[in-house]
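Inspection log for the structure reproduced underneath, given as structure tokens.
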Amino acid sequence: MYLIMRYKSSMQFNINRNIYNSGITDMKILARESLTTTAAINEAGMFYKDGFIYFNGKKFLLADGSVKFAGNSGKKILLDAVILSGKSIRNLSALTKHFTFRELIIDSSVPRWLAERLIRKSVEKNISCYSVAVQGAYQWYE
């Protein structure tokens, strides 16, 4: 966090430059707090709360250790993708018990040994898997 805050102006310059180079002309910056209200969905097409992300009609879960799973309710939550971060999830069955999803995205903060194990398990469960550390930056395609 220190490095991000220390180089915030440099980071913002690079983000803005990338936006410009990508040809994006219509951009709106929202405070993170505003994304936790349902009004934000109507206004900006996005929502974030407790690890759940709604963006551009897609539903994601950011599994970074902040989401706690309660007992089995019998109903699974339908998601487009689960994004794993860090060492928060070591067993794929913890996710498949509560969620139905078509893609598992493993970010580069997941240790290699754990990522390899999760990739093998996702293949066994017929879930598409994407490793940022191996395949590079993730891009969503329709």
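Values as computed for the structure displayed
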item	result
Subset of region 113-142 [crowded, with 17+ Cβ neighbours inside 10 Å, farther than 28 Å from GLY74 by Cβ and polar (S, T, N, Q)]	SER131
Complete set of residues in region 93-132 that are assigned to a loop (DSSP other than H, G, I, E, B) and at negative phi	LYS97, HIS98, ASP107, SER108, SER109, VAL110, PRO111, LYS125, ILE127
The listed residue being within 29 Å of ALA133 (Cβ to Cβ), surrounded by 12 or more Cβ atoms within 10 Å (Cβ to Cβ), at pLDDT 75 or above and in contact with an Asp or Glu (Cβ under 8 Å, 6 or more places away or on another chain), out of VAL110, VAL82	VAL82
Flag if ARG90 is surrounded by 13 or more Cβ atoms within 10 Å (Cβ to Cβ) and either part of a loop (DSSP other than H, G, I, E, B) or over 17 Å from the mean Cα position of the chain (by Cα) (or both)	no
Complete set of residues in region 52-63 that are at pLDDT 80 or above and either over 17 Å from LYS125 (Cβ atoms) or aromatic (Phe, Trp, Tyr) (or both)	PHE52, ILE53, TYR54, GLY57, LYS58, LYS59, PHE60, LEU62
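The values are calculated or read from the model by the stated rules, or taken from the named source; none is laboratory data. Fair warning: this is a prediction, and the values are worked out from it, not measured in the lab. Because the Cβ atoms are built from the backbone with ideal geometry, glycine has one as well, and the counts that use them run over all protein chains shown.
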